[in-house]
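Each reported figure results from applying straightforward, stated rules to the coordinates on display, with no laboratory input. All values reported here derive from a predicted model rather than from experimental measurement. All Cβ positions, glycine included, derive from the backbone under ideal geometry; neighbour counts span all protein chains shown.
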Amino acid sequence: MADEQQNDDVLHRVVRNDEEQYSVWWADRPLPEGWHAEGTEGTREECLAHIAEIWTDLRPLSLRRRMAGQSAG
């Protein structure tokens, strides 16, 4: 498995869960339960670079909503 992660020829995809947390997954494998394809595919490094650009708030969605509710009240 470690060899697959290091191989730049392996196609990966960016995935996101319901808490809007991102990760990288192999494009040729079924997605784990609770994760959805975000739409970006490429090498592992390309996917990680994309995640670094788009995932600017690392707090889970539920925490962001809770904090927004506290500041509104």
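Under the Kirkwood approximation for Rh and a Cα-based Rg, what ratio Rg/Rh is obtained for the chain? Intermediate results must be reported in sequence, preceding the final value.
On the way: Rg = 14.7 Å, Rh = 13.5 Å.
Expressed as Rg/Rh, it is 1.09.
What is the gain in length, in nm to one decimal, between Leu58 and Glu41 on full extension, counting 0.36 nm per residue of separation less the C-alpha to C-alpha distance? Don't skip to the end; give the middle numbers.
Values: separation 17, 0.36 × 17 = 6.12 nm, distance 2.12 nm.
Using 0.36 nm per residue and subtracting the Cα-Cα distance, I get 4.0 nm.
Angle check, please: helix 61-72 long axis (alpha carbons) against the longest principal axis of the chain (alpha carbons), in degrees 0 to 90, nearest 10.
Relative to the chain, helix 61-72 is tipped by roughly 20 degrees.
For the chain, what is the mean residue ellipticity at 222 nm derived from helices alone (per DSSP H run of n ≥ 4: -39500 (n - 2.57); sum divided by total residues; nearest 500 deg cm²/dmol)?
Values: 3 runs with 28 residues, N = 73.
Roughly -11000 deg cm²/dmol at 222 nm, from the helical runs in the chain.
Let me spell out the model: positive unit charges on the Cβ of Lys and Arg, negative unit charges on the Cβ of Asp and Glu, origin at the Cα centre of the chain. What dipole size does that give, in debye rounded to 20? Before the final figure, lay out each step's value.
Working: 8 positive and 15 negative charges, 127 e Å.
Using only the charged Cβ atoms, the result is roughly 620 debye.
Looking only at the stretch 10-30, which residues have a backbone nitrogen under 11 Å from a spot 7 Å from the Cα of Leu48 in the C-beta direction?
Answer for this model: 24.
With angles folded into 0 to 90 degrees, how steeply does helix 44-54 sit against the dominant principal axis of the chain? Use alpha carbons for both and round to 10.
With rounding to tens, the tilt is 20 degrees.
Please identify, among Ala49, Ala37, Ala27, the residue showing maximal mean-square fluctuation in a Gaussian network model of the chain using a 10 angstrom Cα cutoff.
Most flexible of the set in this elastic network: Ala49.
Grab the Cα-Cα distance for Asp28 and Ser71, subtract it from 0.36 nm times how many residues apart they are, and report the gain in nm with one decimal. Working shown, then result.
Working: separation 43, 0.36 × 43 = 15.48 nm, distance 4.31 nm.
Length gained between Asp28 and Ser71: 11.2 nm.
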